[in-house]
1. Among Val9, Val53, which comes first, second and so on when ranked by fewest other beta-carbon atoms within 10 Å?
2. Can you give the net charge of the other residues whose Cβ lies under 11 Å from the Cβ of Ile24, counting K and R as +1 and D and E as -1?
3. Explain nothing, just compute: Karplus ³J(HN,Hα) = 6.51 cos²θ - 1.76 cosθ + 1.60, θ = phi - 60°, for every residue of segment 35-45 in order, whole Hz, x for Gly and Pro.
4. Can you compute the helix-only [θ] at 222 nm over the chain? Use -39500 (n - 2.57) per DSSP H run of at least 4 residues, normalise by all residues, nearest 500 deg cm²/dmol.
5. Excluding Tyr69 itself, calculate the net charge of residues whose Cβ lies under 11 Å from the Cβ of Tyr69, where each Lys or Arg counts +1 and each Asp or Glu counts -1.
Amino acid sequence: MPKEDSIEVLGKVVEKFKAGMFSIELDAGKTVLATMAGRLRRNRIKIMNGDRVSLELSPYDLTRGRITYRHK
């Protein structure tokens, strides 16, 4: 799948799970399960409950995503 086909959305971290998984509540009110992008792991960016984040969702599965940016 090309990178251009992903859907960009904003959300808020609701819960943090083990192994880098997060429960994210989207601005539309839906809840999705997301992981951290490799760039965030490499730079050791900490994501906590209540943080605003940008997500990429796959058009094939709208219940899972990848966190690409943590807003300040």
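1. Least to most surrounded, the residues fall as Val9, Val53.
2. Charge balance in the 11 Å sphere: +2.
3. Result, ordered by residue: 10, 7, 5, x, 5, 5, 5, 4, 8, 6, 6 Hz.
4. Theoretical 222 nm ellipticity from helices: -1500 deg cm²/dmol.
5. Spelling it out: positives minus negatives among the neighbours equals +2.
We did not get these values from a lab; they are worked out from the coordinates using the rules stated. Model, not experiment: these values are computed from the prediction. Using ideal geometry, Cβ is built from the backbone for each residue, glycine included, and neighbour counts are taken over all protein chains shown.
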